[in-house]
Amino acid sequence: MAHLKVNQEKITDKEQLIKICPFGAIEEINGKIEIGAACKMCRLCVKKGPAGAIEYVEEDIPQIDKNKWKGICVYVDHVEGNIHPVTFELIGKARELASKINHPVYAVFIGENIKDKAEEILHYGVDEVFLYDNKELVDFRIEPYTACFEDFINKIKPSIILVGATTVGRSLAPRVAARFRTGLTADCTVLDVKENTDLVQIRPAFGGNIMAQINTPNTRPQLATVRYKVMSAPQRNDEKSGKITLMDIEKEKLNSNIEVISVTKKEKEVSISDAEVIIACGRGVKSQKDFEMIKELCDLIGAQIAVTRPLIEAGWADAKRQIGLSGRTVKPKLIITCGISGAVQFTAGMRGSDCIIAINKDEKAPIFNVAHYGIVGDLYEVLPRLIEKIKVSKGA
Amino acid sequence: MDILVLIKQVPGTNKVEVDEKTGVLKRDGVDSKMNPYDLYALETALRIKQNKGGKISVLSMGPPQAESIIKEAYMMGADDGALLSDRKFAGADVLATSYTLSQGIKKIGKADLIICGKQTTDGDTAQVGPEIAEFLGIPHVANVRKIIEIKEKSIVVEMDMPETVEIVDIKFPCLITVEKDIFQPRLPSYKKKLETKDREIKVFSLKDFDDKNEKKYGLNGSPTQVERIFPPSVNNDKEIWQGNSDELTEKLYKKLKDLKFIQ
């Protein structure tokens, strides 16, 4: 079994060793150093502690045959056949990864009366679309959808499966991963692939300002979810390529303990995900009423207002306006951040923006690491002056 | 009705940074709290109990210190609680965590309704709930924003989808994950604190589970592995402006004009 072995005699300074662990998992118990249940196996203590003090001991485990798993598959996210654009972004990414390891690109499409819609996918460069078209599949219900996915994986054996981190994807992907007892990495911001077909998954981790590179070394398929607007969609080709294969599944596998009573369309809301210009506010904005000033600026430059998580927790804005890992991902042409320090949970949701202007009083704020233009200054000084200037120029 | 709420202890702040020179993680303090999203799950359970009666249990997994959030749940009104804690659970990813929790749920006895928060603030994956449902072989509905009706054998809920709202009837036993704002969570009560001060918190470890195979827990039961951790990349192609407010405003105005965001 892989575990951390503590060699007490090699520990030079217990205090210092305990401090290395960011999770407080190294404890001194009766004069001996022990590793507790808070350990996340980041192995920093192995790397940074005194040489040999903490050892990572790995036991040989049988390796799977990765050659038996071929193809990169994208789940076609849709509601009533309307394909979510994250699907095309993922197909673009899948194609890029597939060309590195010479694998085909697949799409799996589960629903009812979706054959025509499947044709559209052939314009984006997939080799094969696998179609589960059945009246039990008209609404998303977890058991029958998982059953179709299971059937697909058993028959086709794809190496990698990419799923959009939408409401449906976040529900379906974990269910499928658990059924195959395989790995699933949520909200990847970077994806790459190694020669041995291991998917390189990068995402913010451990609730801190840290990125982690995660892999799934000895199980297949490998699952990852990616949010909308993180990858770029490929150009639609005028010509179709690839083929559509209709899949059969036994009716009894499509049973469900869930009954959909009604589906109501929500009123179309302005989504910050689609905004071209965004002004985002963080804790540097001192009170809710100061939003008036921000909103005035928004109106002047045609921007949408967005916020960070602390402001949502304070109840200052609707959760739909939150940028970041627990909110939305945005990719506008311009984003101006006001009083935002720039924790990775936030920046992960906006670093793809074309132009990032940051205003913050603290010149050491990490937001200046992602900004294209960093303004070290007080938003309460700069913004009123800017608003005045724009008003004057518009009036002139 | 037996309701089980899954809760997690998370760091009180997210100020964890990597020292770029040494690669060591720096953390300000070690204070921790209950995952804020779990408060909504617990409140949902409490409201259901108010209307329909029943018993509320809470379950968590983590180091022994995580008992503090179970005490907090008692102060809000939970009836009993258990903690899954074992060194062998260390280093667990989503799959191993979900499997451990599902074994813990079997140990404390199956619930009619399991409620989870939408996600945690430290992992942010929102995946553990659905994986637990899979391991228990029960249906789940995520993103529940309203409880419409509790029937004898099922629950009717409103599910928030990006463009639609779905009303679904889901049979017990089942698992739901609830959205923030489903109900406003109550504050822990001082009265309950006194009442529950001596209430037991059961602690279970691997030896208490049906499945004692060590290979399914902790790092060994985790199909994903962290290969390396590193600070987020830094954009070096940038301009930093300093000066007095008039100069800064002038520069910002000019830039917005150059980029044609101001006509």
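Just so it is clear, none of the values below were taken in a lab; they were calculated from the coordinates. Model, not experiment: these values are computed from the prediction. Every residue, glycine among them, receives a Cβ derived from its backbone with ideal geometry; neighbour counts consider all protein chains shown.
Per-structure values
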quantity	calculated
Over 32 Å (Cα to Cα) - which of A:333/A:389; A:93/B:146; A:5/A:66; A:115/A:265 fall in this group	A:93/B:146
Gaussian network model of chain A, springs between alpha carbon atoms under 10 Å - residue of A:300, A:199, A:44 with greatest fluctuation	A:44
For A:119, A:143, A:112, A:15, order by how many other beta-carbon atoms lie within 10 Å, fewest first	A:15, A:119, A:112, A:143
Rounded to whole Å, sorted largest first: equivalent-ellipsoid semi-axes of the stretch A:3-57, Cα gyration tensor	14, 13, 11
Prolate/oblate/rounded call for the stretch B:56-167, Cα gyration tensor, a/c under 1.5 rounded	prolate
Förster radius 35 Å - calculated FRET efficiency between residue A:66 and residue B:213, Cβ distance, rounded to 0.05	0.90
Shielding score for B:89-97, defined as the mean number of other chain Cβ atoms within 10 Å	6
Neighbourhood charge, 14 Å Cβ-Cβ cut-off, centred on residue B:105 and excluding it, Lys, Arg +1 and Asp, Glu -1	-4
Relative contact order (percent, whole number), the stretch A:66-254, Cα cutoff 8 Å, 6+ residue spacing	30
Selection of GluC sites (Glu not before Pro), the stretch B:195-263, meeting DSSP coil and at most 16 other Cβ within 10 Å	B:200
Peptides ranked, highest mean first, by Cβ atoms within 10 Å: ranges A:211-222, B:117-128, A:333-344, B:44-55	A:333-344, B:117-128, A:211-222, B:44-55
Per-residue average of Cβ from other chains inside 10 Å of A:248-257	1
When each of B:153/B:212; A:48/B:238; A:157/B:215; B:88/B:110; A:70/A:331 is checked by Cα-Cα distance, pairs over 29 Å	B:153/B:212; A:48/B:238; A:70/A:331
Span per principal axis, largest first, for the Cα atoms of the stretch A:139-257 (Å)	47, 40, 29
Charge-dipole axis of the protein assembly as shown as Lys and Arg at +1 and Asp and Glu at -1 on Cβ define it, positive-most pick from A:232, A:164, B:241	B:241
Counted charge near residue A:159, where neighbours are those whose Cβ lies closer than 13 Å (Asp, Glu -1; Lys, Arg +1)	+4
Principal-axis tilt of helix B:94-108 within chain B, Cα atoms, nearest 10 degrees	30
Percent of C-alpha pairs per 10 Å bin, the stretch B:2-221, short to long	8, 33, 36, 18, 4, 0, 0
Given charges at beta-carbon only (K, R positive; D, E negative), |dipole| of the protein assembly as shown in Debye	740
Simple spin-label estimate for residue B:68 and residue A:102 in nanometres, 7 Å along Cα-Cβ	5.7
For residues of B:54-63, the mean tally of beta carbons on other chains within 10 Å	1
Choice from A:236, A:227, A:321 showing the highest fluctuation, given a GNM over chain A with Cα pairs closer than 10 Å	A:236
Antiparallel content of DSSP bridges confined to the protein assembly as shown, in %, to 5	40
Helix B:245-258 vs. chain B, principal-axis angle (Cα, 0 to 90°, nearest 10)	90
Whole-number percent relative contact order across chain A, with pairs defined as alpha carbons under 8 Å at least 6 apart	12
Residues of type aspartates and glutamates that residue A:243 reaches as a straight line, Cα spacing below 16 Å, ignoring anything fewer than 8 places off in the same chain	A:116, A:119, A:120, A:127, A:128, A:133
Prolate/oblate/rounded label for the protein assembly as shown (Cα gyration tensor, a/c 1.5)	rounded
GNM result for chain B, Cα springs below 10 Å: residue of B:11, B:173, B:231 fluctuating most strongly	B:231
Footprinting exposure proxy for B:171, B:8 (fewest neighbouring C-beta atoms within 10 Å first)	B:171, B:8
Computed over the stretch B:2-221: relative contact order in percent, which uses C-alpha pairs under 8 Å that are six or more apart	26
At R0 = 25 Å, FRET efficiency that the Cβ-Cβ distance of residue A:135 and residue A:320 yields, to 0.05	0.15
Between the stretch A:360-385 and the stretch A:85-164, the Cα center-to-center distance that results, in Å	44
